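The values are calculated or read from the model by the stated rules, or taken from the named source; none is laboratory data. Everything numeric here is computed off the predicted structure, so don't read it as measured data. Here the Cβ positions follow ideal geometry from the backbone for every residue, glycine too, while neighbour counts run over all protein chains shown.
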Amino acid sequence: MYAARVDERQFFTEKPEQRPASFQCPRCRRTNDYTIRWIRRTKKGQVPPGADARDRAMFDKVKDYLVRVDEDVTCKTCGKRFEIPSHRNIVFLEELEGLPKEDYDE
């Protein structure tokens with residue numbers, strides 16, 4: 001029988017977060033600012049209990065990242081819902097380090 005594996009989510013502390021973004025509505029073509037919901041996953045300080053050697057190796061490699069919660073937004077001008085025009089729903093925090101302070105908050 002296999003030993004119980006540690007779930008990857010046990011490596012992180014999760015915290016909800018909101019970030020501003022500008023999108024253009026595909027229907028009315030107006031650009032507006034929207035608040036998008038994310039979950040910030042920050043690596044914990046130590047390996048969770050019950051981890052084996054494989055889990056420890058995985059823990060050493062994981063990085064802090066954001067997971068987008070919202071799939072679509074409602075246009076502030078015409079009121080139609082549209083999908084957020086991005087194929088990325090995960091962003092590593094190290095990619096945000098070069099952005100201006102208003103776009104990146106710790």
Could you please give the count of residues in the range 82-106 that are surrounded by fewer than 11 Cβ atoms within 10 Å (Cβ to Cβ), out of contact with any Phe, Trp or Tyr (no Cβ under 8 Å at 6 or more places or on another chain) and modelled with pLDDT under 85? 9
Output the number of residues of the range 18-42 satisfying the condition of being loosely packed, with under 14 Cβ neighbours inside 10 Å, within 22 Å of the chain's Cα centre (by Cα) and not hydroxyl-bearing (Ser, Thr, Tyr). 5
In the range 64-81, how many residues are surrounded by 11 or more Cβ atoms within 10 Å (Cβ to Cβ), assigned to a loop (DSSP other than H, G, I, E, B) and more than 12 Å from the chain's Cα centre (by Cα)? 5
(1) of a type in the set (A, V, I, L, M); (2) under 28 Å from residue 97 (Cβ atoms); (3) surrounded by 12 or more Cβ atoms within 10 Å (Cβ to Cβ): which one isn't true of residue 57, the others all being true? (3)
